[in-house]
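These notes concern the structure reproduced below.
The values are calculated or read from the model by the stated rules, or taken from the named source; none is laboratory data. This is a predicted model, so every value here is computed, not measured. Cβ sites come from the backbone with ideal geometry, for glycine too, and all protein chains shown count toward neighbours. Ligands, DNA and RNA are stripped out before the accessible areas are found, and what is left, the full protein with its side chains, is counted by its heavy atoms. Shrake-Rupley method; radii C 1.70, N 1.55, O 1.52, S 1.80 Å.
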Amino acid sequence: MTSRRDPTRRDPNRRDPNRRDLLCDTAIAVLAAEGGRGLTHRAVDRGAGVPEGTTKNYFPTRDALLGAAAAHMTSLHTEAVDRLRATTPPGVSADQVAGLYPALLRRAVADDPTQFLAMVELYLEAVRRPGVREALGRMVVANAGAGAALHRVAGLPGSAKDAALLDAYFLGVAISLLALPEEALGEVGLDDPVDLGLGLFRAAVERPEDGRGGPGGGSTR
């Protein structure tokens, strides 16, 4: 006689999606705090407050763990750019769009650099790990598409290439702000986040009133 399965009894082989997200969030935090070398299954177990071996059960190899962290970060960024698209008012101005970048730079560097630091570590891992590279590629494409759409709403002739260049400039400047001593930043004029954020925007995105554009050429796509 076969017994019916008790619906209240948890299948030990079924993985909890909430726990998976917890482990991925913790892996991102470990990457930010300890760097790529510090990302181990045990470090994630400790950070997430779960029994030892839990992370390895979900992500058996380090490659799997890194790939999951990259995919999770990509998902978070995609959700963020979707929210930005949904909440952008039709009458947004070019100056308002430009003003986003100093705020984004401040958030990435000063307010909570966790995600940005983890992203830098994932970029380094992506050089040798195709799974991480693929996830970051999806994130870059999503960011570029959202950025180009935002620019067009504001009447700017920006292309996906312009937006991607802006992201690349942003990445380099943010790394410099996090990694270099304040004295060096001041000496070379990289100590004003507002000026830097606006400068990034001007370097990559053509403004109709000045006719100047960055390497993207200001073509629409």
What whole-number value in Å² describes the accessible area per residue of the chain for a 1.4 Å probe? 58
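Ignoring ligands, DNA and RNA, what percent of the 1.4 Å accessible area of the chain is carbon and sulfur?
Values: 6810 of 12730 Å².
Whole-percent figure for carbon plus sulfur exposure: 53.
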Would you mind checking the tilt of helix 114-126 against the longest principal axis of the Cα atoms of the chain, expressed as 0 to 90 degrees and rounded to 10? 80
Projected onto the charge dipole of the chain (unit charges on the beta-carbon of Lys, Arg, Asp and Glu, signs +1, +1, -1, -1), the Cα from 50, 75, 36 with the largest positive-side position is that of 50
Per-residue ellipticity at 222 nm for the chain, helices alone: DSSP H runs ≥ 4 residues times -39500 (n - 2.57), over residue total, nearest 500 deg cm²/dmol? -21500 deg cm²/dmol
Residue 86 versus residue 34: modelled label distance in nm, points set 7 Å from Cα along the beta carbon direction: 3.5
If you take the beta carbon distance between residue 52 and residue 195 as r and set R0 to 45 Å, what does 1/(1 + (r/R0)^6) give as a FRET efficiency, to the nearest 0.05? 0.40
So how tilted is helix 193-204 from the main axis of the chain? Cα-based, degrees 0 to 90, rounded to 10. 80
